[in-house]
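J.: Sharing a structure, written as structure tokens. Questions coming.
The values are calculated or read from the model by the stated rules, or taken from the named source; none is laboratory data. In this text, all values refer to a predicted model and were calculated from it rather than measured experimentally. Note that each Cβ is placed from the backbone with ideal geometry, even for glycine, and that neighbours are counted across all protein chains shown. Note: accessible area is taken over every heavy atom of the protein model, side chains too, but ligands, DNA and RNA are not part of it. Shrake-Rupley method; radii C 1.70, N 1.55, O 1.52, S 1.80 Å.
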Amino acid sequence: MVRAILCAGACAAAGVLLAGAMKADGISERARKLHFSSIVVDTHDDTTQRFLDGKFDLGTRSSAGSIDIPRMREGNLSAIFFSIWIPSKVTGPEAVDRALVQIDAVREQVRKHPNDMVLATTAAEIREARKQGKIAALMGVEGGHMINSDLGVLRSYAALGVRYMTLTHSGNDEWADSSTDKAVHNGLTEFGKGVVREMNRLGVMVDISHVSDKTFYDALEVSKAPLIASHSSCRAICDAPRNMTDQMMKDLAAKGGVIQINYHVGFLSQEFRNSEKADPEINKAISAKVMERCGDNEGCQLIEGDRITREYVAQGKLPRVDFARIIEHIDRAVKAAGVDHVGLGSDFDGANMPYGMEDATKLPAITESLLQKGYSEGDVKRILGENTLRVMAEVERVSHELNAAPKK
Amino acid sequence: MRRVFAFLCVSACLGAGFFLAFSASADDITERAKKLHFSSIVLDTHADTPQRMLTGNFDLGKRDTEGHVDIPRMREGGLNVQLFSIFISGRILGLPAIQQALDQIDIARQNAQQHSKDLMLATTAEEIRRAHAQGNIAILAGMEGGHMIGNDIHMDFGKEVVHEMNRQGMLVDISHVSDKTFYDALEVSTVPLIASHSSARAISNHPRNMSDDMIKAPAAKGGVIRINYERNYLSEEYRSAFAALAGDLRRMEEKFKKECGDDNVCIGKAEIKLTRDLTDAGKLPHVSWEKIVDHIDHVVKLVGAEHVGLGSDFDGADMPEGIEDCSKLPKITEALLRKGYQEDDIRKILGGNILRVMEQSEKVSKEMQAAQ
């Protein structure tokens, strides 16, 4: 999830964008074969917000948004982390309640589509789902504020199947600083360090997307298991605090972690970011329109935000960002951190998608582009999913080890 | 958890020696009863031990001089399946209720995990049988109060809740509910109901107990009533003497609440001490554990041995003399044998009946999930 209220992924009318988009037939046979024989894991999708209106059906191909079962099938998205997200400003027991509602919504969507989806909580379960021809659904909690400073709540989420938690969202929480808020904790508090240790024990991945640089380094020091940045891109290309510097990626990799590249245009393109900054009225106007159309329906806000942003691009008021930028970020991260430490964290249904990556059906274009860039098939498979699966397995191993260790 | 006074509900405990004089000789268990009891699945559907876990320094693995349930005493009493009650005061509603319920579920799980040599978390009849076969005590959780799901309850929603519980394979417990709610649930539920901790009104006319009709109707559909050992629910004589003192007791309750704050265990201790003092002073009558057997026998005579079981309310109620804690449970087996009960029937009462309902609930749940 990118912005407080507006931010989204949308599927523009197919015809309009055909010129700019990677044509479906632009995928080589080799890329197609490689892509569809790989396990493709996406560590961050905000589709959960769309579940909440009670009308959305994951099984039906939608003309809006980026994710549904038919389109995941078409793009071979094999494992998806549905984000459990509420704004940072919602705190206390209400945050817990709303997180539970979203966890339930994900589980219910999975239950309603037993032939296509299965809830997974381990790397082995993702592989098993794949064998059965099903899409693995997983959950990540996007923001430590949702545990209301209560490790019992964290454990409850873990018991319900949550497998990563982003330590903060866009605001600081009670025990960690965010990258987009004024630092008050100097990184992680002592309690925050305890949260990381308990996540290690539970086998819940520690996600450092959104957190401040100091929080990242504190978490890196405390965590006994590799970290992930579930949906962040490279600061060297686009200087957003939500992105990671080359050094941060290197340090993340040194402990076995993975950065999963975010496709949000504001994180991919410095030019886009500059234009937004240069004319803050544009974002205000987009927000106003979104609120007018959606009220407090967050699922609607996300989808409409992306759609309206594209109207501004069409009018030449914001630059057009092509999906090839995703490849540049992957390549930069590979150079900084190594090919074993990069993955995919789209932010579909929660951000503004670049042209050519409107939805999950477009994912083979990433495989095609990486092959064209000279990446080996093995390396492409790692980026598509194997790196994330490796971190998951390692986090599970550390969890077993910590649980087996004799009590103090 | 019982409700002794207006709304406080608690746990207690006695010095072990204190009541020795009143208890029927605990050592008087025959070899036959011992053999039967310790080879059976003995399942209790209601203990408020999580309240004690919340106090912080409680350790389920250590024999306590207070309270009613811990691992050493469960082993001694052959209690090998315990449903821990997730209880928060009915005064706490809405969002805080949800988080507090989660915390209690978590603390019960944490305790089970900390004692994995003795305890095993179970959610199905099969898992209970497996735990028993492995010599482990099976731990389950029960939610005591629909307010913990955080919604406004109105008629249609309540029926939907029952329907969803059926679908999820959760047992529908009608202890505590009004008679009208009871009959509504009976109509709606496709799975037999349980009364997890209620006794017989025919013996003690307390609203928390079940009338004969309220025992018969669910039994006809396969349900089970689990006898509660609370003195008020066991004995009419005690109940009426207690009711006569209601004004005094309520005043004392206010005092305890001031002294203890939110600590339910502390309030419970003070309350039990008070009722002990009143009993010693002759203002409340003694209640013998044998009343438990009277209640079981009443239900058996009414509907047969297939529809009754144990729902002690350990750590949440005022125990009768002779069943001061779970270590004393073999006495019930002994008493039922002496009454001429068949061994098979005793096994059903000790645990088999609820396993039957659980299996049926699991079957219905699977069918409902497959049907959509």
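J.: Out of the residues in segment B:54-76 meeting the condition of being over 16 Å from the mean Cα position of the chain (by Cα) and under 23 Å from B:Ile346 (Cα atoms), tell me which one is surrounded by the most Cβ atoms within 10 Å (Cβ to Cβ).
T.: Only one residue fits best here, namely B:Arg73.
J.: Could I ask something else about it? Looking at (1) away from every other protein chain (no Cβ under 14 Å); (2) within 19 Å of the chain's Cα centre (by Cα), which one does B:Ala108 not meet, given that it meets all the others?
T.: (1)
J.: Could you grab me the full set of residues in segment A:314-327 that are open to solvent by 20 Å² or more (accessible area, probe 1.4 Å) and in contact with a strand residue (DSSP E or B) (Cβ under 8 Å, 6 or more places away or on another chain)?
T.: A:Arg320, A:Asp322
J.: For segment A:111-130, what are the residues that are within 14 Å of chain B (Cβ to nearest Cβ) and either crowded, with 23+ Cβ neighbours inside 10 Å or part of a loop (DSSP other than H, G, I, E, B) (or both)?
T.: Hits for segment A:111-130 are A:His113, A:Pro114, A:Asn115.
J.: So which residues in segment A:26-47 are over 22 Å from the mean Cα position of the chain (by Cα) and among the hydrophobic types (A, V, I, L, M, F, W, C)?
T.: Result: A:Ile27, A:Ala31, A:Leu34.
J.: Another question, then. Of these, B:Val300, B:Val287, B:Val293, B:Val265, which one is buried (at least 24 other Cβ atoms within 10 Å of the Cβ) and not polar (S, T, N, Q)?
T.: One residue alone meets the criteria, B:Val287.
J.: Within 14 Å of chain B (Cβ to nearest Cβ) and not in a loop (DSSP other than H, G, I, E, B): which single residue out of A:Leu100, A:Leu138 fits that description?
T.: The match here is A:Leu100.
J.: Evaluate the following for A:Gly171: is it under 23 Å from A:Val211 (Cα atoms), small (Gly, Ala, Ser) and free of Cβ contacts under 8 Å to residues at least 40 places away in the same chain?
T.: no
J.: Name the residues in segment A:355-408 that are modelled with pLDDT of 95 or more, within 14 Å of chain B (Cβ to nearest Cβ) and in contact with a helix residue (DSSP H, G or I) (Cβ under 8 Å, 6 or more places away or on another chain), would you?
T.: A:Ser399, A:Leu402
J.: Looking at A:Leu154, is it more than 20 Å from A:Ser230 (Cβ to Cβ), within 14 Å of chain B (Cβ to nearest Cβ) and part of a helix (DSSP H, G or I)?
T.: For A:Leu154, the condition - more than 20 Å from A:Ser230 (Cβ to Cβ), within 14 Å of chain B (Cβ to nearest Cβ) and part of a helix (DSSP H, G or I) - is not met.
J.: If the requirement is being within 14 Å of another protein chain (Cβ to nearest Cβ), basic (Lys, Arg) and either open to solvent by less than 10 Å² (accessible area, probe 1.4 Å) or touching a residue at least 40 places away in the same chain (Cβ under 8 Å) (or both), which of these qualifies: A:Arg50, A:Arg107?
T.: When all the criteria are applied, what remains is A:Arg107.
J.: When you check B:Met165 against the structure, is it assigned by TED's automatic domain parsing to the domain that holds B:Asp70, open to solvent by 10 Å² or more (accessible area, probe 1.4 Å) and closer than 28 Å to B:Leu79 by Cβ, yes or no?
T.: yes
J.: Given A:Ala253, A:Ala240, A:Ala288, which one is without any contact (Cβ under 8 Å) to a residue 12 or more places away in the chain and not acidic (Asp, Glu)?
T.: Result of the check over A:Ala253, A:Ala240, A:Ala288: A:Ala288.
J.: Scan segment A:131-144 and tell me whether some residue there is out of contact with any Asp or Glu (no Cβ under 8 Å at 6 or more places or on another chain), open to solvent by 10 Å² or more (accessible area, probe 1.4 Å) and on the phi < 0 side of the Ramachandran plot.
T.: So far as segment A:131-144 goes, yes, one or more of its residues are out of contact with any Asp or Glu (no Cβ under 8 Å at 6 or more places or on another chain), open to solvent by 10 Å² or more (accessible area, probe 1.4 Å) and on the phi < 0 side of the Ramachandran plot.
J.: Give the residue, chosen from A:Met353, A:Met357, that is over 19 Å from A:Ser78 (Cα atoms) and assigned to a loop (DSSP other than H, G, I, E, B).
T.: Testing whether each residue is over 19 Å from A:Ser78 (Cα atoms) and assigned to a loop (DSSP other than H, G, I, E, B) leaves just A:Met353.
J.: Still on this structure, please answer the following. Assess whether B:Arg250 counts as being open to solvent by 10 Å² or more (accessible area, probe 1.4 Å) and closer than 28 Å to B:Val172 by Cβ.
T.: Considered against the rule, which asks whether it is open to solvent by 10 Å² or more (accessible area, probe 1.4 Å) and closer than 28 Å to B:Val172 by Cβ, B:Arg250 comes out as no.
J.: For the list (1) free of Cβ contacts under 8 Å to residues at least 12 places away in the same chain; (2) touching a Leu at 6+ places or on another chain (Cβ under 8 Å), I need the number of the one condition that B:Phe84 fails.
T.: Just one mismatch for B:Phe84, condition (1).
J.: Can you go through B:His147, B:His176 and tell me which one is in a loop (DSSP other than H, G, I, E, B), under 29 Å from B:Asp318 (Cβ atoms) and either within 14 Å of chain A (Cβ to nearest Cβ) or open to solvent by 10 Å² or more (accessible area, probe 1.4 Å) (or both)?
T.: B:His176
J.: In segment B:126-144, which residue that is part of a helix (DSSP H, G or I) and surrounded by fewer than 20 Cβ atoms within 10 Å (Cβ to Cβ) is nearest to the other protein chains (Cβ to nearest Cβ)?
T.: B:Glu127
J.: If you scan segment B:79-91, which residues turn out to be over 15 Å from the mean Cα position of the chain (by Cα) and open to solvent by 10 Å² or more (accessible area, probe 1.4 Å)?
T.: Residues satisfying the conditions are B:Ser89, B:Gly90, B:Arg91.
J.: Which members of segment A:159-173 meet the condition of being open to solvent by 10 Å² or more (accessible area, probe 1.4 Å) and within 14 Å of chain B (Cβ to nearest Cβ)?
T.: A:Ala159, A:Leu160
J.: Determine, yes or no, whether B:Gly94 is away from every other protein chain (no Cβ under 14 Å), at positive phi and over 17 Å from the mean Cα position of the chain (by Cα).
T.: It is false that B:Gly94 is away from every other protein chain (no Cβ under 14 Å), at positive phi and over 17 Å from the mean Cα position of the chain (by Cα).
J.: Can you pull out the residues in segment A:212-231 that are assigned to a loop (DSSP other than H, G, I, E, B), free of Cβ contacts under 8 Å to residues at least 60 places away in the same chain and under 16 Å from A:Ala254 (Cβ atoms)?
T.: A:Ser223, A:Leu227
J.: Do we find a residue being out of contact with any helix residue (DSSP H, G or I) (no Cβ under 7 Å at 6 or more places or on another chain), within 20 Å of B:Pro192 (Cα to Cα), aliphatic (A, V, I, L, M) and part of a helix (DSSP H, G or I) anywhere in segment B:161-169?
T.: Checked against the condition, which is being out of contact with any helix residue (DSSP H, G or I) (no Cβ under 7 Å at 6 or more places or on another chain), within 20 Å of B:Pro192 (Cα to Cα), aliphatic (A, V, I, L, M) and part of a helix (DSSP H, G or I), segment B:161-169 yields at least one hit.
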